[in-house]
Amino acid sequence: MKKVLALLLLSSLAAPALADECALTIEGNDAMQFNQQAMSVPATCKEVTVTLNHTGKLPVANMGHNWVLANTADYQAVATAGMSAGADHDYLPKDDARILAHTKLVGGGESTSVTFKTEGLAGKDLTFFCSFPGHFAMMKGTFKVG
């Protein structure tokens, strides 16, 4: 009986650990920097939650950040198109299929999250970036599934 209880206890502790590898956190600051240039999740993650914490103090209108995922071949075109979309659309072109996932824009001290499915993303060349005008060249990195 003790072995069964110990096994149950160990299996209940393992479940949260597996779930955590499918939840990622990244920080953006007032110096237009993410604290990571690469993010990855194992292929076992069917969906991923990315949380963006804006660690700066400036408001969204001056130094807003978001987290956007696109194929590397598309990211610059998406970011450029987003500039004309404006802040009301988080500087992202509306209904653009090249955008695989994104958060809303947040200002200093705020956080936001996005959850998305990973189906079809394993092995792809993906880039995450901030679409706020002028940020995407500096605030970007690679994202891998698998």
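The values are calculated or read from the model by the stated rules, or taken from the named source; none is laboratory data. Model, not experiment: these values are computed from the prediction. Using ideal geometry, Cβ is built from the backbone for each residue, glycine included, and neighbour counts are taken over all protein chains shown. Accessible surface areas use protein heavy atoms only, side chains included; no ligands, DNA or RNA. Shrake-Rupley method; radii C 1.70, N 1.55, O 1.52, S 1.80 Å.
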**Message:** Just the residues that are assigned to a loop (DSSP other than H, G, I, E, B) and either under 15 Å from His54 (Cβ atoms) or hydrophobic (A, V, I, L, M, F, W, C) (or both), please, taken from the range 92-124.
**Reply:** Leu92, Ala97, Thr103, Lys104, Leu105, Gly107, Gly108, Gly109, Glu110, Leu121, Ala122
**Asked** Scanning the range 125-146 for residues that are polar (S, T, N, Q) and not in a loop (DSSP other than H, G, I, E, B), which turns out surrounded by the fewest Cβ atoms within 10 Å (Cβ to Cβ)?
**Response** Thr142
**Request:** Quick one: in the range 28-76, of everything that is touching a helix residue (DSSP H, G or I) at 6+ places or on another chain (Cβ under 9 Å) and β-branched (Val, Ile, Thr), which residue is surrounded by the most Cβ atoms within 10 Å (Cβ to Cβ)?
**Result:** Val68
**Complete:** Expected output for the range 66-90 (first residue farther than 21 Å from Thr112 by Cα, partner in a loop (DSSP other than H, G, I, E, B), Cβ below 6 Å, 6+ apart or cross-chain) is Thr72/Asp125; Asp74/Arg98; Ala81/Pro93
**Message:** When you check Ala97 against the structure, is it open to solvent by 30 Å² or more (accessible area, probe 1.4 Å), of a type in the set (A, V, I, L, M, F, W, C) and without any contact (Cβ under 8 Å) to a residue 40 or more places away in the chain, yes or no?
**Reply:** yes
